[in-house]
1. Which log10 I(q)/I(0) values, to two decimals, does the range 16-64 give at q = 0.14, 0.20, 0.25 Å⁻¹ under the Debye formula with one point per Cα?
2. Under the rule of at least 5 residues apart or a separate chain, name every residue whose amide H is placed under 5 Å from the amide H of Leu217.
3. Please tell me the relative contact order of the chain in percent, rounded to the nearest whole number, where contacts are Cα pairs under 8 Å and at least six residues apart.
4. More than 25 angstrom separation, counting every C-alpha pair in the range 83-191; what % is that?
5. Is it possible to state the helix-based mean residue ellipticity at 222 nm for the chain, with each DSSP H run of 4+ residues giving -39500 (n - 2.57), the sum divided by total residues, to the nearest 500 deg cm²/dmol? What is it?
6. Taking the C-alpha atoms of the range 22-101, how large are the radius of gyration and the largest Cα-Cα span, Dmax, in Å?
7. Roughly what would the spin-label model give for Phe224 and Arg123, points 7 Å off Cα along C-beta, in nm?
8. Work out, in µm²/s and without decimals, the Stokes-Einstein translational diffusion coefficient of the range 132-237 at 37 °C, 0.692 mPa s, Rh from Kirkwood over C-alpha pairs.
Amino acid sequence: MTDQPAGKVTRWTDSHCHLQDHYEPAADALARAATAGVESVVCVGTDAATSAAAISLARHHLVGSTNAEKPRVVATIGLHPHQATEGTQAIARLVGEVVAAADSTVVAIGECGLDYHYVHSPRHVQRRAFAEQIALAHQTGLALVIHARDAWDDLFDVLLAEGVPERAVLHCFTGGPHEAQRCLDAGMFISFSGIVTFKNAESVREAVRLCPTDRLLIETDSPFLAPVPHRGRQNEPAFVSLVGSAVASLKGLADTEFAQMSTDVARRVFRF
């Protein structure tokens, strides 16, 4: 049984996780999340297969609600920059099917974007896939979930060329206050992960202090990036309360107050 964060509060939302990548049944992780006060979870796709898996999880757990035993789960459809060489045709078909069916379990396009740290796909291929997914967000009216690592200038070049969607989230923010201000000036929302609890992440904490609460979300990005004191373990949605508590402290807010604020922002962005 995973240790639960102390000081249980309600109404947290994990705005970005990959439940389909967990090594255990998603239902178990969701049960622990409910115990930790998590009411909603956004399960994010990174290619056609993981996007389809996210949709399946969302449909299965759609019965979740604010007073249910398990959190509500919604899904996204996207192609991660690492997989950009696969091309966007398969996810575009999946988006078309979902839109035709008026499937409310899907709330966003992404995660998509640019990653020049590993460059698993050539940079020009990443930029093309990113632009095509921005276009999908415009066409469908869905939110856009963005991944950015070591690629800020090109990221904003593509975004500004294609037009920033009305509801665009820079997820798992790893920059500092300068990059955060660029996101805010572009009209974007910023989502912070367990990185805010890492000892060497003061620039990320400075970005938290800069970001207005009405543009700020929190996430786990599980099963990756478990927050302190769980670093080195598999991350999970229950730990979003630890991320939220760290951000609340930086903003001078009570956990319960910030939990409600960040959940309200997530509802506005993802319209669930």
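Bear in mind these aren't lab numbers, they're just calculated from the coordinates by the rules spelled out. Just so you know, these numbers come straight off a predicted model, no measurement behind them. With ideal geometry, Cβ positions are generated from the backbone for all residues, glycine too; neighbour counts draw on all protein chains shown.
1. -0.31, -0.63, -0.97
2. Long-range HN contacts for Leu217: Ile190, Ser191, Phe192.
3. Details: 621 pairs, mean separation 55.5, N = 272.
Computed value for the chain: 20 percent relative contact order.
4. Values: 1026 of 5886 pairs.
So the portion of pairs separated by more than 25 Å is 17 percent.
5. Values: 9 runs with 110 residues, N = 272.
Estimated from H runs of four or more residues: -12500 deg cm²/dmol.
6. In order Rg, Dmax, the Cα atoms of the range 22-101 give 13.9, 42 Å.
7. My value for the distance between the label points is 2.0 nm.
8. Numbers: Rh = 14.4 Å.
In µm²/s, the coefficient rounds to 229.
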